[in-house]
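Please read the structure below before turning to the comments.
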Amino acid sequence: MAAPPPLASPPSDDLGPVYALAMRVLSIGFRSSAAVLTVALALALAKQEPLNHRADAFAEVVPAILDGKAAGLIDLAILLMLATPVATTLGVAVAFARAGDRRYAALTLAVLAILAVSASLALFGGD
Amino acid sequence: MDVLRSLELGVVAAVAAVLGSMLGLGGGVFLVPIFTLFFGVDQKLAIGASAVAVVTNSVVGSSVHLRSRFTNLRLAMLLQVTTASGAVVGALIAVWADPRAINAVFGIALVYAAASMAVRRRANAADAAAPDPHRLGAAFDDPATRQTVRYVPRRVPLGLGISGLAGTLSGMLGIGGGVILVPAMNLLMGIPVKAAAGTSSFMVGITAVATAFVFYAEGKIDATVVVPAMVGVFLGGQYGSRLTRRVQTQNLVVVFVLILLYLGVSLLLKAVGITLPGQR
């Protein structure tokens, strides 16, 4: 049987830095969220603290953490996870701009603007 | 903390993520119906938890697709404009809609997913020499064939419209939308399956964030449901990615189609007030 043909060289274009930045931001975001969640669950088990049935409003998350509540850390872990795709989108916009791709930098900023509308509902729309 | 219930929810989320990985879906199509039908989780809380789980799955899985260049970032950002807009609108509808209406829409979406999976066709070979006015053409190395695959997406305006629909359903139902995006990109836009799945995997995370923020604002994020879902999806997604390389997923499609049909019909019946035995 003939050997498979050698793998072709990776496609080359000018988007390498865009992909690299997206991967880096995703990795940092996931690791941060996972680390905070692990600490929070360990703290909840140690203190026998029940999990919240309703996430704290943004303004209440930091005071809850400063009070040593595991629930505050769990909210932070969830928010870090939710922030990761947003930060990745921002990073992709910056990387497109640096690569001189204005059209896709602008489109990516439009996506960020839509996410900002959604986030502002979370920040200011809650009761 | 009800440890047993959390463990059960986590196991369900892990199994959903394994199944989702093997089928190229986010797993959200399984999470919401199972949480609501079998665990009695409030529908809105289940949707919020599913949205966070879909983000987790996307964050974990996207790096692999980005490294392989299966993800087409230009295409993802273009389609994401309508997808994310649709998700915000869909989530606002979901927060205020009658749960029976949500059950009906979800039931129809699941039956559609089952049907599209059952009759999944292959797109014509991508035309790498087609005009590319939007500079959306891309290429990736396919490890299965050891060849470089080049393609130029077709019918971009149609893709934008379908992405908007996928986003709206995603926002309403807490699913990623991959069940609509992947076949649409492959069959209608002529994008190779691996590129469609990789691009969709990246997109659904952003779409689900738009949904999750709205549910967070409305107090529909319940840590007792979300945390097991996040942990389960993370572990299941990792295992599913490895399992996919060893298992012939075509052999499992019939089983998954039957599961989706069962869940879809259950939700349609629940929408008209009929609950099947063993469900809540």
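Around B:Tyr151, which amide H atoms from residues at least 5 apart in sequence, or from another chain, sit under 5 Å from its own amide H, with H modelled in the peptide plane?
It is B:Ala138, by chain and number.
Size of the dipole of the protein assembly as shown about the Cα centre, Lys and Arg at +1 and Asp and Glu at -1 on the beta carbon, nothing else charged, in debye to 20?
It comes to approximately 1120 debye.
Non-local amide H neighbours of A:Arg54 (under 5 Å, H modeled in plane, Pro and chain starts lacking H): which ones?
HN-HN under 5 Å from A:Arg54: B:Ala223.
If I ignore ligands, DNA and RNA and count only protein heavy atoms, how much of A:Leu90 is accessible to a 1.4 Å probe, in Å² to the nearest 10?
90 Å²
Modelling each spin label as a point 7 Å along the Cα-to-Cβ direction, I'd like the B:Arg135/A:Ala116 distance in nm, to one decimal.
Here the answer is 2.3 nm between the modelled labels.
Could you go through region A:21-27 in sequence order and give the Karplus-derived ³J(HN,Hα) for each residue, using 6.51 cos²θ - 1.76 cosθ + 1.60 with θ = phi - 60°, rounded to whole Hz, and x for Gly and Pro?
Taking θ as phi minus 60°, the curve returns 5, 4, 5, 5, 5, 4, 5 Hz for region A:21-27.
Report ³J(HN,Hα) in whole Hz for each residue of region A:55-68, in order, from the Karplus equation J = 6.51 cos²θ - 1.76 cosθ + 1.60 where θ = phi - 60°; Gly and Pro get x.
4, 5, 4, 3, 5, 9, 5, 5, x, 5, 5, 5, 7, x
Would you mind computing, in nm to one decimal, how far apart the modelled labels at B:Val3 and A:Ala99 are, each placed 7 Å from Cα along Cα→Cβ?
Here the answer is 4.9 nm between the modelled labels.
On full extension of the chain, what length is gained from B:Val272 through B:Arg146, given 0.36 nm per residue of separation minus the C-alpha to C-alpha distance?
Here the answer is 40.2 nm.
Could you pull the accessible area for A:Phe30 with a 1.4 Å probe, rounded to 10 Å²?
40 Å²
Each residue of region A:104-110 in turn: what ³J(HN,Hα) in whole Hz from Karplus with 6.51, -1.76, 1.60 and θ = phi - 60°, glycine and Pro shown as x?
Rounded to whole hertz, the list is 7, 5, 5, 4, 5, 5, 5.
Given labels modelled 7 Å from the Cα in the Cβ direction, how far is it in nm from A:Ser32 to A:Leu45?
A separation of 2.6 nm, rounded to one decimal place.
Between 0 and 90 degrees, rounded to the nearest ten: what's the tilt of helix B:99-118 against the longest Cα principal axis of chain B?
The angle comes out near 40 degrees.
Can you spot the lysines whose alpha carbon is less than 22 Å from B:Lys44's alpha carbon? Ignore those fewer than 8 places along the same chain.
The reachable lysines, counting only those whose Cα sits under 22 Å from B:Lys44, are B:Lys220, B:Lys270.
Relative to the longest principal axis of chain B, what angle (0 to 90°, nearest 10) does the C-alpha long axis of helix B:3-23 take?
The two axes meet at around 20 degrees.
Compute the long axis of helix B:73-96 from its Cα atoms, compare it with the longest principal axis of the Cα atoms of chain B, and write down the angle in degrees, 0 to 90, nearest 10.
Relative to chain B, helix B:73-96 is tipped by roughly 20 degrees.
Rounded to the nearest 0.05, what FRET efficiency is calculated for A:Asp67 and A:Arg24 with R0 set to 30 Å and r the Cβ-Cβ distance?
According to the calculation, E is roughly 0.35.
The values are calculated or read from the model by the stated rules, or taken from the named source; none is laboratory data. Nothing here was measured: the structure is a model prediction, and the numbers come from that model. Methodologically, a virtual Cβ is constructed for each residue, glycine included, from the backbone with ideal geometry; neighbour enumeration extends over all protein chains shown. Surface accessibility is based on the protein's heavy atoms, side chains included, excluding ligands, DNA and RNA. Shrake-Rupley method; radii C 1.70, N 1.55, O 1.52, S 1.80 Å.
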